[in-house]
1. Could you pull out the residue among 53, 2, 40 that is surrounded by 10 or more Cβ atoms within 10 Å (Cβ to Cβ), of a type outside the set (A, V, I, L, M) and either within 30 Å of residue 145 (Cα to Cα) or modelled with pLDDT under 85 (or both)?
2. Run down 133, 121, 105 and say which single residue is of a type in the set (Val, Ile, Thr), at pLDDT 90 or above, in a loop (DSSP other than H, G, I, E, B) and on the phi < 0 side of the Ramachandran plot.
3. Output the residues belonging to segment 118-138 that are touching a residue at least 24 places away in the same chain (Cβ under 8 Å) and either exposed (fewer than 12 other Cβ atoms within 10 Å of the Cβ) or more than 21 Å from the chain's Cα centre (by Cα) (or both).
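The values are calculated or read from the model by the stated rules, or taken from the named source; none is laboratory data. If you're wondering where the values come from, they're calculated on a predicted model, not measured in any experiment. In this analysis, Cβ positions are derived from the backbone assuming ideal geometry, glycine residues included, and neighbour counts consider all displayed protein chains.
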Amino acid sequence: METRALFKKLPQKTKLVGAAVIVVAVAVSFYGGMQLEKAEQHRKPIAAQQFDESAITPGGMMRRGGRMGSSLRVVGQVTAVSSSSITVNDARRGGATTLSITSNTKVTNNGATAAVSDIKTGDTVMIQKTGTTSTEASQITINPSFGGASTQAPDANVN
């Protein structure tokens, strides 16, 4: 009861100032945490950020958040492939997209590690780029699953 009694004896102005200090401290802590999280996201290399293939619907939309990240992905049918580049007919962007393949490019097929030589003309691929303006592929998924019964990407000409 001693603490309560001391609190009751404090002037109203002192109580308001104390409450304001607490509110400001909480707000500053929240803002600082948000800025720290934002900084951490920018430090993480794009190649290390895993994308969830099951979150992409056949129309290319992300289930949570619209077309977030669509500028980092290319999905389509392979029209040409070599050890150093891949060209994909990207129906979402309306044409061919050519990306470079480097020693850092990871290739998977049905979740298993694969090689660039496993990619064939006509395969459907989903390519993760190293950045929104980059032409370098960081990850290539051969015949990705889009969360439905089919393992093929949708035909862009189907209405």
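1. Testing whether each residue is surrounded by 10 or more Cβ atoms within 10 Å (Cβ to Cβ), of a type outside the set (A, V, I, L, M) and either within 30 Å of residue 145 (Cα to Cα) or modelled with pLDDT under 85 (or both) leaves just 53.
2. Being of a type in the set (Val, Ile, Thr), at pLDDT 90 or above, in a loop (DSSP other than H, G, I, E, B) and on the phi < 0 side of the Ramachandran plot holds for just one of 133, 121, 105, which is 121.
3. Result: 118, 119, 120, 121, 122, 123, 132.
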